Structure formats: structure tokens, C-alpha cells
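K.L.:
I am attaching a structure below and will ask some questions about it afterwards.
The values are calculated or read from the model by the stated rules, or taken from the named source; none is laboratory data. Being a predicted model, the structure only gives us computed values, none of them experimental. Note: ideal-geometry Cβ built from the backbone for every residue, glycine included; neighbour counts use all protein chains shown. Note: accessible area is taken over every heavy atom of the protein model, side chains too, but ligands, DNA and RNA are not part of it. Shrake-Rupley method; radii C 1.70, N 1.55, O 1.52, S 1.80 Å.
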Amino acid sequence: MSLDWESNPPYSNVKQDDKLIKYNASCYCGLVKYVIYDEYPVDSTYCHCHGCQQLQGAPYQWACIFPKTSLYFLSGLDSLKFYNSDENNQDHILPCKVSCKQCSSPLADEGRRMWLAFPQTFKQFRLSETVREKLKASCHIFYGQRTISSDCFKNDGNRASTCIYAFTDPFYPSFTLPPAQPNSPGDVQLNKNNPIRLANGSNLAVGQGCNSRTFSYYETNSEQFLTTYIDINRQNSSIVDIIYATNHDQLYVRTIQLNQANLASFLAGKILKIDLNCNNGLLGCAYFTVESSSSNTLPTILTSGSISSQSIMSIIMLNLLCMHWLKNHSYIS
Ligand SMILES: [Zn+2]
Ligand SMILES: [Zn+2]
């Protein structure tokens, strides 16, 4: 338990000039009040995961991500309540949820460096359409778990992803990776029933598409995309040839081999990114997630495919935009 949370940002931040205040945030009863000095969030997301639905009591969570350094608390530090879903306790263990002890209204998800504010707590959000537009989410995450009609989001297509490519529906699908096999029975096409398209929502033109450059997973502890992992022999192994794109518009996962027996479970729950070389001359990418349990059966979709040229990058720097930082329904940031 962090006993000295009050001596760390954002709780210990120094007050800035009132003229610099962009947002006045407060809980429902008004005991907790703080201000934000940044006009634009680093990013903004709609999270449709079941955890957010339940913890927010809402169809989805709208989170605006600000650096902790851009906040100042005016009042109510002694009225804050924390909840860490990993530990299922109210200690201030990051990441955690922050709410008001008195009125119970959710205020934010607190990460290590970032503060994921709920914009409904901003006075300016309630008063101004212009402000709501500034805070508008750039992406939907855990879209497959949404409980409201996708028609509600039909105008959000242009903001679906900062990647050039995206899956059609959901944008961020979750896949079960094949089990380890001594011999590969074939590769599974990830986008068989969920084709990739341009992230602005339009379909690919004939011949338009991509080949994979590399593939990586988001490691929450180091806050980086990585392309290696520790295999069952305690060796640092590359994962870049597990998932690949070919034929311009098809994404595949290779059957996982025995020496990678723990890879499917290792990747479970993680955010995966495939980086793509697009034949329109641009660099692209697409995101997806891996189901928490690997398949017990052989993949049924058998195809053949070739790996395009790939470069091994040991570390891909964090792309803040349109990423989700979730682990067990808490944001890691
Ligand atoms: Zn309150
Ligand atoms: Zn969520």
C-alpha cells in the first residue's frame, strides 16, 4: 500500500495561474474538486469492456487521458476513495480507480504517469458542445463487448483508429491463438470473418493492402511494445513470425510450435499490434487482443501463406494514440 500518495503527483502538484485552468472537475457532491491545465487530452477512449460497464454503471466508459502533471487538487484529498481491481482492495496501488467517499461518483482511473479523467465530471464538458468535441474519443476499445447498438457509433468511423488499417467489426477483435503443435497444420486467417479495411471506415480498393513489417505486444510493466519474450527454455525468443499479413488484405497467425508452448497464454489479455507496409506507400498498423485462454482444438481454417519481409525490432516505442492501457479492467499508464 502506498501510504504517501498525497506527496506524489497529481496530489502534490503546485498550483498554477487560474488563467491557465481549462477544466474544473468535481465529484457529484462537490467535496472533491480539481482543475486541469491542459486543453487537449493525450488521448481519449471509449472502453466497452464488461469491467468498465459494471464499475461505471454505464454502457461504456469515456476516459480522457492527461499527464498527472497537468492537474491540481483544490479540495477533497481526504474524501478520495481508491479501488484496485487486481488486489480487490481500497489501497492506493496503481493503477487504481478513484472516486468520492461521500457521493461515490467515479472521478478517474489513476495510472502510473497518466490520469484517465471521466469528462462528465468537468463543468465545461456539461456546458459546451465545443468542449465535448475537443475531448471526443479517438477510438473504441473492447468493442466486441459493447452492449449498445453499433449504430450509435456510425459517425465515429473516421476516428476508429490511428492505424491506417482496422478490422471491420469489431475494430479491436479478440482472437484465440492456436495451441502448440509439433507440426504445423496450417495457419489461421485472423480476419476471415472480419476483414480489414482502411481505418476511416472505407473498404480497400482492389489491390490495396499491406504486408507485415513486424508484430509486437504491449508490455504493461515496461510500457513498451516488445517483439521478444522468455520462452519455456528461459531463452529470449522472437515472436515476430507468429503473426503476419500477406495477400495485401489478410492477417494470419502461425500455428504455435512446441518450443513456444507458453506463448498463447503469455500473450493472453495483451494488446497486440501488427505493423504493416502498405502498397499505397504508407506505414500502417492494426490492433487486436488475445483471448485469455488458448484453444484446445486444432484450428479449422487451413491456408497457406508466405511471410513478407520483416524487420526485427526489439522495442517499439509506445504509441500513445489510440492504445488501450487496460489490464483486468484497470488502466496502466
Ligand atoms: Zn462527492
Ligand atoms: Zn474498460
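K.L.:
Can you give the relative contact order of region 5-137 as a percent, counting alpha carbon pairs under 8 Å and 6+ residues apart?
P.N.:
Details: 264 pairs, mean separation 35.6, N = 133.
Once normalised by length, the contact order is 27 percent.
K.L.:
Efficiency by 1/(1 + (r/R0)^6): what FRET value for Gln120 and Ser202, r their Cβ-Cβ distance, R0 = 25 Å, to the nearest 0.05?
P.N.:
Numbers: r = 32 Å, r/R0 = 1.28.
Efficiency computed from Cβ-Cβ geometry: 0.20.
K.L.:
Next question. Extending each Cα 7 Å along its Cβ direction at Leu226 and Tyr28, get the distance between those two points in nm, one decimal.
P.N.:
Modelled inter-label distance: 4.1 nm.
K.L.:
Between Asn233 and Ser265, what FRET efficiency follows from the Cβ-Cβ distance if R0 is 25 Å, with the result rounded to 0.05? Intermediate results must be reported in sequence, preceding the final value.
P.N.:
Working: r = 16 Å, r/R0 = 0.63.
Efficiency for this residue pair is about 0.95.
K.L.:
What length, rounded to one decimal in nm, is gained on full extension from Leu20 through to Asp78, with 0.36 nm per residue of separation minus their alpha-carbon distance? If you can, show how the numbers build up before the last one.
P.N.:
On the way: separation 58, 0.36 × 58 = 20.88 nm, distance 2.53 nm.
Extending this stretch completely gives an extra 18.3 nm.
K.L.:
When the accessible area of region 7-75 is split by element with a 1.4 Å probe, what percent falls to carbon and sulfur? List each step's numbers first, then the result.
P.N.:
On the way: 1630 of 3050 Å².
Heavy-atom surface of region 7-75 belonging to carbon and sulfur, 1.4 Å probe: 54 percent.
K.L.:
Let me ask something else about it. For Lys101 and Asp169, what is the calculated FRET efficiency with R₀ set at 41 Å and r taken between the beta-carbons, to the nearest 0.05?
P.N.:
Numbers: r = 40 Å, r/R0 = 0.98.
With R0 = 41 Å, the Cβ-Cβ based efficiency is 0.50.
K.L.:
To continue, here is another question. Taking all pairs of different Cα atoms in region 34-96, averaging 1/r and flipping that mean, what Kirkwood radius in angstroms comes out?
P.N.:
Numbers: mean 1/r = 0.0734 Å⁻¹.
Roughly 13.6 Å, rounded to one decimal.
K.L.:
How large is Rg/Rh for region 5-137, to two decimals, with Cα atoms and a Kirkwood Rh? If you can, show how the numbers build up before the last one.
P.N.:
Values: Rg = 13.8 Å, Rh = 14.8 Å.
Radius of gyration relative to Kirkwood radius: 0.93.
K.L.:
Just flag the GluC sites (Glu not before Pro) in region 1-99 sitting in loop per DSSP whose Cβ has no more than 16 other Cβ atoms within 10 Å.
P.N.:
Details: sites: Glu6, Glu39, Glu87; in loops: Glu39, Glu87.
Of the GluC sites (Glu not before Pro), the ones in loops of region 1-99 whose Cβ has at most 16 other Cβ atoms within 10 Å are Glu39, Glu87.
K.L.:
I need the trypsin sites (Lys or Arg not before Pro) found in region 219-271, filtered to DSSP loop residues with at most 14 other beta carbons within 10 Å of theirs.
P.N.:
On the way: sites: Arg234, Arg254, Lys270; in loops: Arg234, Arg254, Lys270.
Passing both the DSSP loop test and the Cβ count: Arg234.
K.L.:
Cβ neighbours within 10 Å, averaged per peptide: list 120-127, 106-113 in order, most packed at the top.
P.N.:
Most protected by this proxy first, the peptides run 106-113, 120-127.
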